[in-house]
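The values are calculated or read from the model by the stated rules, or taken from the named source; none is laboratory data. Just so you know, these numbers come straight off a predicted model, no measurement behind them. All Cβ positions, glycine included, derive from the backbone under ideal geometry; neighbour counts span all protein chains shown. Just the protein is used for accessible areas: all its heavy atoms, side chains included, with ligands, DNA and RNA removed. Shrake-Rupley method; radii C 1.70, N 1.55, O 1.52, S 1.80 Å.
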Amino acid sequence: MKTINWIKVDDKPLEPGVHNSPKAITESKDIPGEIRMFRGTTTIAYGIVPIAKAVCEPKARLKWVERMAENILIEGNPDNGKWLSYEAYELAWPVSNRDYVFQQTLEKSLNKEKNRIVVTVSSIEHPGYPEKPNRVRGKLPTCVFTLDEVSEKETHLEVMVQVDPGGSIPGFIKNIIQKGWSLKTMRALNNYMKNH
């Protein structure tokens, strides 16, 4: 089977208008018969531990993840490396609001003698959080945040996502909607770190 490579989508400054801003590179990959995958890479001028907290903690995520209206910790805890959460998103009309139930894990390791933290998020079903009539249940096959320590005050970030927002939206529209996810996510996380 032929391996499908990542294709560069964009190369923009992480902070528009800021001199010497790190580059934020975004790429896409077609998965046969499935929703396209997107990934972004950049360097953020903050330590690996506070960035990991911002990625994982429900209260922090409510402040920086675009259009998030609810983030409920169902069970477990980011500090213990495994947790379940419910997230709801308020979208612009005429698109229906979405919600997801996630299983999340945080793994720490060393990469080239530096700290690495990998946060993995994927959809699950949970009896306590069934589908609601006023929200479309989306599916997230995979979402991965890979944080690599560059120094005490600098972290290399890679974000990767494949998400199906569900509903009656055609596949090609879903791919268009998700195209900007990586850049928005990297910029939003960086802005949150600057202000908290």
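Remarks
- Ellipsoid semi-axes for segment 64-170, based on the Cα gyration tensor and the rule √(5λ), read 29, 16, 12 Å when sorted largest first.
- Accessible-area composition of segment 91-148, carbon plus sulfur, in percent [1.4 Å probe]: 52
- Links that overshoot a 28 Å alpha carbon limit, given the list K114/K194; K114/K179; K12/K63; K23/K139: K114/K179; K23/K139
- Under the convention that each Lys and Arg Cβ holds +1 and each Asp and Glu Cβ holds -1, the size of the dipole of the chain around its Cα centre is about 320 debye.
- Residues of segment 30-55 with amide N under 12 Å of the 7 Å Cα→Cβ point at K194: 45
- Across the chain, C-alpha contacts under 8 Å between residues 6 or more apart give a mean separation that, scaled by the residue count, equals a relative contact order of 22 percent.
- Here the Karplus curve 6.51 cos²θ - 1.76 cosθ + 1.60, taken at θ = phi - 60°, turns the phi angles of segment 5-16 into couplings of 8, 5, 10, 5, 9, 7, 9, 10, x, 4, 10, x Hz, with x standing for Gly and Pro.
- In this calculation the C-beta distance from A69 to D30 is compared with R0 = 45 Å, giving a FRET efficiency of 0.90.
- In the chain, the DSSP-assigned H stretches of four residues or longer account for a calculated mean residue ellipticity at 222 nm of -6000 deg cm²/dmol, using -39500 (n - 2.57) per stretch and the full residue count as denominator.
- The length gained on full extension between V95 and N77, counted as 0.36 nm times the residue separation minus their Cα-Cα distance, comes to 3.3 nm.
- Segment 153-163 - phi-based ³J(HN,Hα) in whole Hz, Karplus 6.51/-1.76/1.60, Gly and Pro as x: 10, 8, 9, 7, 10, 10, 10, 9, 9, 9, 10
- Karplus (6.51, -1.76, 1.60) ³J(HN,Hα), θ = phi - 60°, over segment 102-111, in Hz, Gly and Pro reported as x: 10, 9, 10, 9, 10, 10, 10, 7, 10, 9
- Compactness of the chain as Cα Rg over 2.2 N^0.38 Å, two decimals: 1.02
- Low-density loop positions, chymotrypsin sites (Phe, Trp or Tyr not before Pro), segment 5-55 - DSSP coil, at most 16 other Cβ in 10 Å: W6
- Beta bridges by DSSP in the chain, antiparallel share as percent, to the nearest 5: 95
- Separation of the E57 and V18 label points, Cα + 7 Å toward Cβ, nm: 2.0
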